[in-house]
């Protein structure tokens, strides 16, 4: 397969599919798929368990849960509730929410670019409790949660002059949450996945991911606290679209010819562009409710 | 040339370029180019003067002024002022602004989709005067304008359940402006033109144009009043990108083969997607100031 | 009682209370109160049935339904649902929704002033159907509604240079709805009513009401179609607050003394100010969901 | 003077005026006034130089510069430029900007409440440079500044579950700016000062100030770095309005009678309300440009 390095996907699932296409099995990578025909939801859990697996996948060791829900970009409230329930279920497997827990939700991305505004909108929709519990105690709440929820929308580098990781590191060092959950809009490799896929991972957010790429990651290593990443692919890189449309053609060329051909085809400024549906406003509105409702469900006591 | 019908550009200039590429000259279409080397601005006036010209261009008879300003997406205030001046100069040629005039500015597009929010933002930036002049007379103003300026941001069909043309027709019939100016984000055929081109035309806005296409146009025919269209290309249709990247390849195929090849390459949902730069938020901010300042300059008395 | 003319309330209920305080009964005004202790909701229907009643009340003949729900500014979803149900019930009494009906919802007020943004936000939350039914027929919908819903957010005069009534008249003349529903933020006389009261009336919206006062009304008389007004008081005029705090004191003075005293106390610019709670952002968010859900419920077939 | 404790002003100048009214001079407080008749701007510098002065003024020792510009809420660009120049001049006296300096601008307040959105909007308008200088060096800039500018809009406690001071402390500890500048909307005591006054102080932001009061301050003491506060009064507390309107009356009562009278007059929920002009949207738009332009001017090399 050509152009590996240049063509980007933020979804672990898409990387495994590429290997599957090529009938390659990778040691250190376990894949488990679960289809709920009735609910119309497919969940795939990719576990990267060894250094070798991590290298092959181009991703750190850990769990990558992908929830595929084809009707996610439609306005069906009941269906969205199912998906929220699925998100909550997986979060509760990754985080111990049986005991009081302090959780910082980070809404990554750029509120001013519709396709990149998922993270900020999810945080907008959440009910914060940390300040209430600290000031008035648990009894001040309605009894639905015991967790100290806090949230921040750090903005992007052009807006702040700071790396997102600097901002979140500072806040995490000061407020000492038990877990950070970072929500972000992602780039998929395939249009087919846009706005109908949720990826949850316990490896955090990595450099080079997101719509407007992060230069530094949000990981346990640099935040000193467990980091869960929740992402929804809302764009495809423009270069990917062109690349993929020529895939068959490329297969007929030698490697050097491929490289030259691609350099001619894909003008450099195409790499700073993204592809997104025209009704991205509606889609992001639904998706942000679904994800924030998933978080709300997870945080409520059982 | 293949796929003419499917590949869309809202810029008359791009259509003339296609003919130029093919060394075809069209009767009924006059093209005049003016390059200001110092100001780094190129202005092209395309005049469609006959039915034949209109047919060949796929556009109604009238004037199409294209201002190309390569640095328009950068944050250089002085340069933007030059472009605003150029917009104002051409508007004053298309509209008689020497006498009191009542002008309705329509901000087309969808405020909630960044790439499509140019029109709404331009209207946000304008100073309305119609209500002041009607209530308190011209003396109530600061002496900079004699024109009754009004403005509306109609929203898109998914938000209103109405055609934009129905809304604007109703308001124009009720408030009886002398001229309507409709501002809209456009689709270009080429990435090279994005966010650095302003098209001004006295033929209004036509069905099928805009980011989220208009089904009915805003023209003198249906508004019963002169309509000026001001557009800035902020997106390229996703299908166009793929199509163009395969242009050379397509040239080697027979027509039927081309058609089949394209149908396979370009999945239907690609037609409901657009390509736009990742920093579209910054760009739209600058562009909307430049266009609204152009309008302000034009409306101020000389 | 002094200063009648200057102290403003948009709520018919508050006017009846003033008469009640003075133990005056008015012919031509029927008042019926219904308290649902369990749901914690009080509904009062004021019917103005004669010219005399209209004069005494300073309001046109018609029905004024006031739903008082003290917990409306709190984040209790179930309670809000009750209030939405109550709004829907009364709307179905005022509008015949058993047969296909075309309804234009007008979101009055200024989106850029939080306390005045109720109308625009309610329209934001609604699902429009008119364009779908007209293009694809009733079968294109999910079967929940048979009504053609359209909506417009006209903006305020400083933003458009036009009277709101001009805009709505034009659109209504063009799109010919059977009913117009105008949603607006209102001024109450008493802080006690803020953000916990919904007024529904079949007399439309009248000049001088709203947060940023309307100069012309939206009534059956000028729109040529039935107009329902839905309002929620979100502000109190600043002059009212001062006036009321001095009510007892004023009672001890002669009429001329009162007038002089008030002129001294209430500086003119106080009349261009309003009072609103500091958490107006949260409140408006809940209220707009409650009202739009009320509309959604009313429009769905039984 | 009555009700000292309850009636709030964020302006040092208003506190000095109260003393002036009572013909009291305070040791440890220097006041210098400078009126520029031509520019229509009055600047007052209050220096609190001793512990005694601080106690009397209810404010920490330091400099409080108040720029009064009566036409500040009008749309006169030239006048706003004068005021921006005045802000820049004073900032350059408080901060040493002759050498490279790293400055973090904090936009305090709540973007979702118009009257409280000054801080966020000012930061929106600024050009950040820190990330560019750190990545590409000074030569990457246009030569207008040598300073590393960064900015954050932390949000309010209800949105984040964290004290603003926690967020800013964390970020300051991580990014180590030389100076923090905090911009905030303030509460004035008098309607006369609203939206026409800018206060600059080198003592930071203190608990209990702002539109939605800060519980903890942003001061050199808790940030370990110099803190400049820039504030514009955009609201008056609702209780203040009522209190002041009864001032003369209160003077005739004994202290205990005053207290009882006030408790009866001013209902508790009035303390959670504010008074602001109906055209607050326009005003905040102009003010935020004026303040951000003041910052831009100050940061540009002389």
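Please report the residue of chain A with the smallest beta-carbon distance to the A-to-D rotation axis, and give that distance in Å, no decimals.
Residue plus distance in Å, as requested: A:170, 2.
Throw me the Rg/Rh for chain D, computed over C-alpha atoms with Kirkwood Rh, two decimals.
Over the Cα atoms of chain D, Rg/Rh equals 0.98.
Taking the Cα atoms only, what angle lies between the long axis of helix C:280-299 and the longest principal axis of chain C, rounded to 10 degrees?
In chain C, helix C:280-299 runs at an angle near 50 degrees to the longest axis.
Does region B:197-302 classify as rounded, prolate or oblate by the C-alpha gyration tensor (a ≥ b ≥ c root eigenvalues; a/c under 1.5 gives rounded; else a/b over b/c gives prolate, otherwise oblate)?
Prolate, because a/c is 1.5 or more and a/b exceeds b/c.
Would you work out the relative contact order for region A:72-166, in percent, from Cα pairs under 8 angstrom that are 6 or more residues apart?
Details: 103 pairs, mean separation 26.4, N = 95.
Relative contact order, region A:72-166: 28 percent.
Could you check the simple spin-label distance between residue A:249 and residue B:247, using points 7 Å along Cα→Cβ, in nm with one decimal?
1.2
Helix A:164-175 sits at what angle to the longest principal axis of chain A, using alpha carbons and giving 0 to 90 degrees rounded to 10?
Orientation of helix A:164-175: about 20 degrees from the principal axis.
Assuming R0 = 41 Å, can you tell me the calculated FRET efficiency for the pair residue C:285 and residue C:50, based on Cβ-Cβ distance, to the nearest 0.05?
With R0 = 41 Å, the Cβ-Cβ based efficiency is 0.50.
Please work out the C-alpha center-to-center distance from region C:189-261 to region D:215-257 and express it in whole Å.
Spelled out, the Cα-based centre of one part sits 29 Å from the other.
Which value in deg cm²/dmol, rounded to the nearest 500, describes the helix-derived mean residue ellipticity at 222 nm for the protein assembly as shown, given -39,500 (n - 2.57) per DSSP H run of n ≥ 4 and division by the residue count? Don't skip to the end; give the middle numbers.
Details: 48 runs with 456 residues, N = 1208.
Per the formula, -11000 deg cm²/dmol.
Between helix D:77-94 and chain D, what is the angle of the helix's C-alpha long axis to the longest principal axis, kept within 0 to 90° and rounded to the nearest 10?
Approximately 80 degrees, to the nearest 10.
How much FRET efficiency would the formula 1/(1 + (r/R0)^6) give for residue A:81 and residue D:135, where r is the Cβ-Cβ distance and R0 is 56 Å, rounded to 0.05?
0.80
Could you tell me how many cubic angstrom of Cα convex hull volume the protein assembly as shown has per residue?
Taking only Cα atoms, the protein assembly as shown has a hull volume of 197 Å³ per residue.
Is region C:38-105 best put as rounded, prolate or oblate by its Cα gyration tensor, with a ≥ b ≥ c the root eigenvalues, rounded for a/c under 1.5, and otherwise prolate when a/b is larger than b/c, oblate when not?
oblate
Please work out whether region B:90-239 counts as rounded, prolate or oblate from its C-alpha gyration tensor, where a ≥ b ≥ c are the square roots of the eigenvalues and a/c under 1.5 means rounded, while otherwise a/b larger than b/c means prolate and anything else oblate?
Judged from the Cα gyration tensor, region B:90-239 comes out prolate (a/c at least 1.5, a/b above b/c).
What relative contact order, as a whole-number percentage, does chain C give when Cα pairs under 8 Å and 6 or more residues apart are counted? List each step's numbers first, then the result.
On the way: 583 pairs, mean separation 68.8, N = 302.
In percent, rounded to a whole number, it is 23.
Nm distances between the label at residue C:249 and the same-position labels in the remaining copies, 7 Å along Cα→Cβ, shortest first?
0.4, 8.4, 8.4
Placing a label point 7 Å from Cα toward Cβ, how far apart in nm is residue B:176 from its equivalents in the other copies, listed shortest first to one decimal?
Between copies, matching label points for residue B:176 lie 2.4, 7.2, 7.4 nm apart.
Roughly what % antiparallel, to the nearest 5, for the DSSP beta bridges in the protein assembly as shown?
Counting DSSP beta bridges with both partners in the protein assembly as shown, the antiparallel share is about 60 percent.
Kindly give the distances from residue D:19 to its copy-mates, label point to label point, with each label point 7 Å from Cα along Cα→Cβ, as nm values to one decimal ordered shortest first.
5.7, 7.5, 8.0
We did not get these values from a lab; they are worked out from the coordinates using the rules stated. Every value quoted in this text rests on a predicted model; they were computed, and no experiment measured them. Heads up, the Cβs are rebuilt from the backbone with ideal geometry, glycines too, and the neighbour counts pull from every protein chain shown.
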